[in-house]
Every structure is written in C-alpha cells, then in structure tokens.
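Before any comments, here is the structure.
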Amino acid sequence: MIGKGRNIIRRESILGLPVIDGRTGEKLGVVKDLYVKGQSAYLEGLYVTRKGWGSKSIGIPFDDATVGYDAIIAEGVLPVNRPRQTQSGALENLLNKRVVREDGVELGVICDIILNPLTGRIEGLEISESVIGDLISGRRILPYGPYESMDGDILIITMEQAQNITSSNRGIKNIFFNKLE
C-alpha cells in the first residue's frame, strides 16, 4: 500500500494475486485485471483467470471480494463459471494514454491506477513524465474523475483538472529534500 495511514494501492500490485474462495479455501485463480462500468469512479469487479483447459475466466463483483496484501478472498455465492465481461471496462484500457491539457501541453503518460482497496474507489491516475523525470522528481497523480474527452490514445483534461495534479513525493529530489528537514 502507498502512503502512511492511507488506504490506497496501485492496480499493478493487485494483478497476479491469488483469489481464494472464502467458504471452501479453494484457489479460484489469479487476478488478471479490474473492471469498471463506463467511467464510474468505483470498481465493478475483478477478472480472474483460472488454470486448466482453455484458461477459463470469471468475473467476481468487487462487493464479493476482500483485497489483502497477499491474496484476495472471494465471499458470497460465486457461480462456477461466470463469463468474463467485455474488455471495454477493463482498467488496462486507461494505461499508456497520453495526458494532454486542453491548451495542448503534454503532461505525461498514464502508467498506473491508484485505488482504495476497502471501498473500490479509483482515487487517481499515476502519470509518468519520462524515466529521467520519474527518477529525479517522481511520478505525479491526477485525481480520478469523469473525463469528457478521450480521443484514442489521448486523455484531454481541463486546466482545473491539471491544477489538481499532485506529486507522489518520490524521486531523488524529494527524498533528498525530505532528509534535510
């Protein structure tokens, strides 16, 4: 988890976690991705890939899951084979989109998604400016909200949304200055 006392986690750290049936203790599979409905700020569920013939996938509603550090516990009545939902709601569709302000200034690329594992709320989008920029200043976080303009591989944000971008307080510069204080 990220931050002191804050309940947020990166999408990347959930991928690959085993999903355990809370009633039987059986391993259902591993998390392949997370999905939302439309531009909702809350997770709809988890795509879980099962091992076996044909690598079956199931969708588990987020309300029926408890996210932990090492595993996800699926609770409630789970169908044997719930078909995987369409990829249109997968959060991976947001990754690698260029973030551009409405005045044409490019701010970086979306490299991860920050969410609250307790509520399923998407808190923000992690933006990478460049490898050197990330190393020196760290990545920045754009608070998540419904974005009106998404054109192919470009996410266009308003000037107000751009002003709400915060630093993740990582990077050599931030670590060095925090040590001096």
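Every number here is computed from the coordinates shown, using simple stated rules; none is lab data. A quick note: this is a predicted structure, and the numbers were derived from the prediction, not measured. Neighbour counts run over all protein chains shown; Cβ positions are idealised from the backbone, glycine included.
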**Request:** Count neighbours as other Cβ atoms within 10 Å of each site's Cβ, and list the trypsin sites (Lys or Arg not before Pro) in region 5-46 that are DSSP loop with at most 14 such neighbours.
**Result:** ARG6, ARG23, LYS37
**Prompt:** Between ILE157 and residues 5 or more places away or on another chain, which pairs have amide H atoms under 5 Å apart, with H built 1.01 Å from N, and which residues are they?
**Reply:** VAL100, ARG101, GLU102
**Request:** Enumerate the calculated ³J(HN,Hα) couplings along region 14-22 in order (Karplus 6.51 cos²θ - 1.76 cosθ + 1.60, θ = phi - 60°), each rounded to whole Hz, writing x wherever the residue is Gly or Pro.
**Result:** 8, 4, x, 5, x, 10, 10, 6, x
**Amide proton proximity set for SER57, modelled H, under 5 Å, gap of 5+** = ARG50, ARG84
**Asked** Rounded to the nearest 0.05, what FRET efficiency do SER167 and GLU26 have when you use their Cβ-Cβ distance and R0 = 45 Å?
**Response** 0.60
**Request:** Just list whichever of LYS32/LYS97; LYS27/LYS56; LYS51/LYS97 have alpha carbons separated by over 24 Å in the model shown.
**Result:** LYS51/LYS97
**Whole-Hz couplings from phi, Karplus 6.51/-1.76/1.60, listed for region 127-132; x for Gly and Pro** = 10, 9, 7, 5, 4, 5
**Message:** I need the shape label for region 109-155. Rule: rounded when a/c is under 1.5, else prolate if a/b > b/c, else oblate, with a, b, c from the alpha carbon gyration tensor.
**Reply:** oblate
**Message:** Using amide H atoms built in the peptide plane, which far-off residues or other-chain residues are under 5 Å from LYS97 H to H?
**Reply:** ILE110
